[in-house]
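Here's the structure, in structure tokens; my notes come after.
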Amino acid sequence: MIPRAMLVRLAPVLGVAFIGVAIWLIALACTDGTGALRTNDFHCFYDAAVASWRGLDIYTYGKAGYIYPPLLAALMTPLAWVDTLLAAAVWKMGGVACGLAAGWLSVREARRRGALEADRLLDFSVLALGTILLADRLRSEINDGQTDFLLVIPFILALGWLGRRPVLAGVALGFAFHIKYLAIVFLPYLIIRGRWREAGAMVASIVGWALVSAPVFGWSRNLDYLAVAGRGMVRMTGVRIGGQAAPLHGIEWNSSVSIPSAMARAARSLDAGPGFVLAASAMVALLTFGAAWLVYLRAGVPLFRGRTPARDDADPGRRLVVGVEWCGLIVAALAFSPQTMARHMIILYPMTFFTLTLLLRGRPGWTRGPLLAGYWLATLAIILPPGGVESFKAALTVWRGVGGASWTLLAYFLAFLWSGLREAGGIGRGLPAGPHPGMNPQIPSTLGVVQVQQG
């Protein structure tokens, strides 16, 4: 933990840098007089909004780049009432607001699950530092007019509502599912953990949100659009299916850095079938799960035995374990998705702020080095080798080809899990957040069945 006195001295610098990043992002959202906004990803959403307003096919109108379920197009329909540039500015300003809000929500939830006292200076320090570190990914998100914060905010809200407002948690996840299907990863977790109200609400809200766009498109066309979006997902995995489908790239797409995409490219070079992709990806997933289970065993924290919603919500240490697992689900969704681009790593927003909270406000007894190394390894793997530089083009192609960003992300998660479980042990022992030289961690019996003795 960084001493509070040091943060007091650094606060003005962090404040100026935070304000500078915010102004920079606002400028990106508002300044473009060349029409270039039509060349980035925003045009896909705008074309879908225009098609929605005019009663045309949202998947074929314009440049035909819309690949999402119909809900997003329906919600964006009002943007079709104004010029493209104005619509883009409004959308991007909303993205800036969502980015800052997501940061604050993540800081607050990390503090709550870390059993930390409210401290405006420390909260602001984590928020400012996280925003500064994420500035480049925020720039990419805002400049392209992307929708990833419509996933991030529901993910954070749902985590905060677990056990407290289960229906709202499920509704938030159901909404996220209709932005990107990767949100489905939370459903089996809720079922395994016995959170039946959250799981039931998620399933019901997936159906409910699917019907929200029906008044805009009509019942029949809305069902057709849902089928088109679903067929697009199926085709992306390499399965042949008839009928109109959303124009998604295939699983072998060179810009995808996920493990399955890397395996699909390897299968292509080896002239192997789709079974190789499934088997190889499953093997990596099982090995990662096995490594994570060893971390649980080493920490003395149960992965399954005795894990009930009542105990997880009541025990302060267990609450942090749930938060760490929630971040792990996001990692799994990104690393093992049929298609993940480097820019999608912005969805790790909550994990970044949890990481900074552990580093800046964590309790004594565990080494920060592995977590710090894991964070920077994953961060550098996303931005390096630099794109747009001819001399690095070959290296970038190779790095993306093997899915380098996803492999380092898995290593980062294991370091994050190791650190989070040891912090949970410190919470169970009642250790205050702060450096206490000479004290060793002891995992409390409320967290697990193994107890680590003081050395």
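The values are calculated or read from the model by the stated rules, or taken from the named source; none is laboratory data. Every value quoted in this text rests on a predicted model; they were computed, and no experiment measured them. Neighbour counts are summed over all protein chains in view; Cβ atoms, including those assigned to glycine, are modelled from backbone coordinates with ideal geometry.
Some notes on this structure:
- Going through (1) more than 29 Å from Pro12 (Cβ to Cβ); (2) modelled with pLDDT of 90 or more one by one, Leu100 falls short only on (1).
- Matching residues, the range 396-418, being modelled with pLDDT under 85 and surrounded by fewer than 16 Cβ atoms within 10 Å (Cβ to Cβ): Thr397
- In the range 253-284, the residues that are more than 27 Å from the chain's Cα centre (by Cα) and aromatic (Phe, Trp, Tyr): Phe276
- Of the helices (runs of 4 or more DSSP H) contained entirely in the range 162-257, those carrying at least 3 residues that are over 29 Å from Val324 (Cα atoms) fall at 196-212, 214-217, 219-236.
- Some residue of the range 62-83 being more than 22 Å from Ile153 (Cβ to Cβ) and assigned to a helix (DSSP H, G or I): yes
- Among the residues of this structure, Leu173 counts as one that is surrounded by 15 or more Cβ atoms within 10 Å (Cβ to Cβ) and in contact (Cβ under 8 Å) with a residue 24 or more places away in the chain.
- Checking Gly218, Gly230, Gly250 one by one, the residue that is modelled with pLDDT under 95 and over 27 Å from the mean Cα position of the chain (by Cα) is Gly218 and no other.
- For Val284: the one exception among (1) of a type outside the set (Lys, Arg); (2) modelled with pLDDT of 95 or more; (3) under 15 Å from Ser419 (Cβ atoms): (3)
- Of the set (1) within 20 Å of the chain's Cα centre (by Cα); (2) closer than 18 Å to Ile330 by Cβ, all apply to Val171 but (2).
- Taking the criterion of being more than 19 Å from Val21 (Cα to Cα) and either assigned to a loop (DSSP other than H, G, I, E, B) or in contact with a Pro (Cβ under 6 Å, 6 or more places away or on another chain) (or both), the residues of the range 111-147 that qualify are Gly114, Ala115, Leu116, Glu117, Ala118, Asp119, Thr147.
- Residues in the range 141-170 that are under 23 Å from Asp312 (Cβ atoms) and not hydrophobic (A, V, I, L, M, F, W, C) were compared, and the one that is surrounded by the most Cβ atoms within 10 Å (Cβ to Cβ) is Gly170.
Conditions (1) of a type in the set (S, T, N, Q); (2) crowded, with 18+ Cβ neighbours inside 10 Å, marked per residue:
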| position | (1), (2) |
| --- | --- |
| Ser255 | yes, no |
| Ile259 | no, yes |
| Ala264 | no, yes |
| Ala267 | no, yes |
| Ala272 | no, no |
| Val277 | no, yes |
| Val284 | no, yes |
| Leu287 | no, no |
| Gly290 | no, no |
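- Arg38 fulfils the conditions (1) at pLDDT below 75; (2) surrounded by 14 or more Cβ atoms within 10 Å (Cβ to Cβ); (3) out of contact with any Gly (no Cβ under 9 Å at 6 or more places or on another chain); (4) closer than 30 Å to Ala128 by Cα except for a single criterion, (4).
- Residues in the range 186-222 that are in contact with a Leu (Cβ under 6 Å, 6 or more places away or on another chain) and of a type outside the set (A, V, I, L, M, F, W, C): Tyr189, Glu198, Ser213.
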